[in-house]
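Here is the structure we will look at, set down as structure tokens.
Throughout, read-outs are computed from the coordinates displayed, never taken from laboratory work. No experiment lies behind these values; they were computed from the predicted model shown. In this analysis, Cβ positions are derived from the backbone assuming ideal geometry, glycine residues included, and neighbour counts consider all displayed protein chains.
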Amino acid sequence: MSAPAAGGAVLVTGASTGIGRACVVRLAASGVPVLAGARKPADLEQLGAIAGVEPVELDVTDPAALEALRGRLEGTSLRGLVNNAGVNFPGPLEEQPIDELRSQFDVNTFSCFAVAQIALPALRAGRGRIVNIGSIGGRVGQPLAGAYCGSKAALRVMSSSLRRELRPWSIWVTCIEPGTIRTEIWGKGEEANREALERLSPEGRARYGRQTDAMAAVLRRQATAGLEPDAVAMRVQHALFARRPRAYDTIGRDAHALGALQAVLPTRAWDRLMDRVLGL
């Protein structure tokens, strides 16, 4: 899909790897100027080497970085904002530290709206759109991923609220909900899973050790399965530039199957199915 040149750049957060980087590469290749947000100097240097890309040092939870972004966008126009920055801290909700829960919501949910608040004057000027990268996990709660799933569920509902609030200015908001995508998050997730198990109390390890082992096996499978990140980037481009974009866009056979089954199965049957899928 070729994107219109008018309207300014597209800002992408969490652009260093995976889905974020794929969005940057695809948009830049189509001739769209891109502001690529990342935290690490090495990642910023790599992003700056891509033609049509301006790297922006951006930690979406750092007030100083957000104020710097406000200054960078003042008086400009944006064709779009892609909120992709996200983290996953696994663990059973019974023992997961509350600060860790807050941190996950801070990155996965609250930062999306903090960046949107800053970007909206430029989005109004450019008649732009907002794309939030959610997850099928936001509709399908999974064991040991309650904080992640909860943060994505909140993002899904708040995206709908934001879309309706911004209707008077024709600023569309899409929430994209991928299933398994072949990114670095799965390898990181397996390591984080081990660390979460080590932090549990002896009682917690006895209670949740079997679930943790089962989820580690799932993460190993997902590290080599799923779609390439560009499959999501292609849908992001559609959400930004199509004449009639979707409000919610589910990506991947696994995501479609999980969403459909949860909608029709009784709760107990659904729980039994998920136990089988997860090896529990």
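Specify the residue with the greatest mean-square fluctuation among Ile130, Ile98, Ile181, computed from a Gaussian network of the chain linking alpha-carbon atoms under 10 Å apart.
Maximum among the listed residues: Ile98.
Mind computing the radius of gyration and Dmax over the alpha-carbon atoms of region 1-80? Å is fine for both.
12.0, 36
Does a label point 7 Å from the Cα of Tyr248, set along Cα-to-beta-carbon, have any residues of region 141-160 with amide nitrogen under 17 Å, and which are they?
The answer is 141-142, 149-160, whose backbone nitrogens lie closer than 17 Å to the label point.
How big is D for the chain, in µm² s⁻¹ as a whole number, if Stokes-Einstein is applied with the Kirkwood radius of its Cα pairs at 25 °C and 0.890 mPa s?
127 µm²/s
In region 124-145, whose amide N lies under 16 Å from the spot 7 Å out along Cα-to-Cβ of Glu94? List them in ranges.
143-145
List the residues whose amide H sits under 5 Å from the amide H of Val82, counting only those 5 or more places along or on another chain, with H placed 1.01 Å from N in the peptide plane.
Leu11, Val12, Thr13, Val131
Taking Cα atoms, how many degrees apart are the long axis of helix 185-199 and the longest axis of the chain, rounded to 10 and kept between 0 and 90?
That works out to roughly 50 degrees.
Hey, in the GNM for the chain with a 10 angstrom Cα cutoff, which one of Gly75, Gly31, Gly91 fluctuates hardest?
The residue with the greatest mean-square fluctuation here is Gly75.
With unit charges on the beta carbons (Lys and Arg positive, Asp and Glu negative) and the dipole taken about the Cα centre of the chain, which residue among Leu69, Gln117, Val218 sits farthest to the positive side?
Farthest towards the positive end: Gln117.
Could you size up the charge dipole of region 204-243 around its Cα centre, putting +1 on the beta carbon of Lys and Arg and -1 on that of Asp and Glu, and report it in debye to the nearest 20?
In debye, rounded to 20, region 204-243 gives about 260.
Mind checking the dipole of region 145-278: about its Cα centre, +1 per Lys or Arg Cβ, -1 per Asp or Glu Cβ, Debye to the nearest 20?
480 debye
Could you tell me how many degrees, from 0 to 90 and to the nearest 10, lie between the Cα long axis of helix 267-277 and the main elongation axis, the longest principal axis, of the Cα atoms of the chain?
The answer is roughly 90 degrees.
At a Förster radius of 25 Å, what calculated FRET efficiency corresponds to the Cβ-Cβ distance of Ser30 and Gln117, to the nearest 0.05?
Using R0 = 25 Å, I get an efficiency of 0.35.
Does region 92-160 classify as rounded, prolate or oblate by the C-alpha gyration tensor (a ≥ b ≥ c root eigenvalues; a/c under 1.5 gives rounded; else a/b over b/c gives prolate, otherwise oblate)?
Since a/c reaches 1.5 but b/c is at least a/b, the shape of region 92-160 is classed as oblate.
Expected output is a single nm value to one decimal: the length gained when fully extending between Ala217 and Asp106, i.e. 0.36 nm times separation in residues minus the C-alpha distance. What is it?
Here the answer is 37.1 nm.
Nearest 5 percent is fine: what portion of the DSSP beta bridges confined to region 1-153 is antiparallel?
0 percent
For the charge dipole of the chain, defined by +1 on Lys and Arg C-beta atoms and -1 on Asp and Glu C-beta atoms about the Cα centroid, which residue among Ala29, Ala260, Val87 has the Cα displaced farthest towards the positive pole?
Among Ala29, Ala260, Val87, the one farthest towards the positive end of the dipole of the chain is Ala260.
How far, in nm, would the chain grow between Thr76 and Glu165 when pulled straight, counting 0.36 nm per residue and subtracting the alpha carbon separation?
Net length gain for the segment: 29.8 nm.
Helix-only estimate, please: 222 nm mean residue ellipticity of the chain, summing -39500 (n - 2.57) across DSSP H runs of length 4 or more and dividing by its residues, to the nearest 500.
Mean residue ellipticity, 222 nm, calculated: -16500 deg cm²/dmol.
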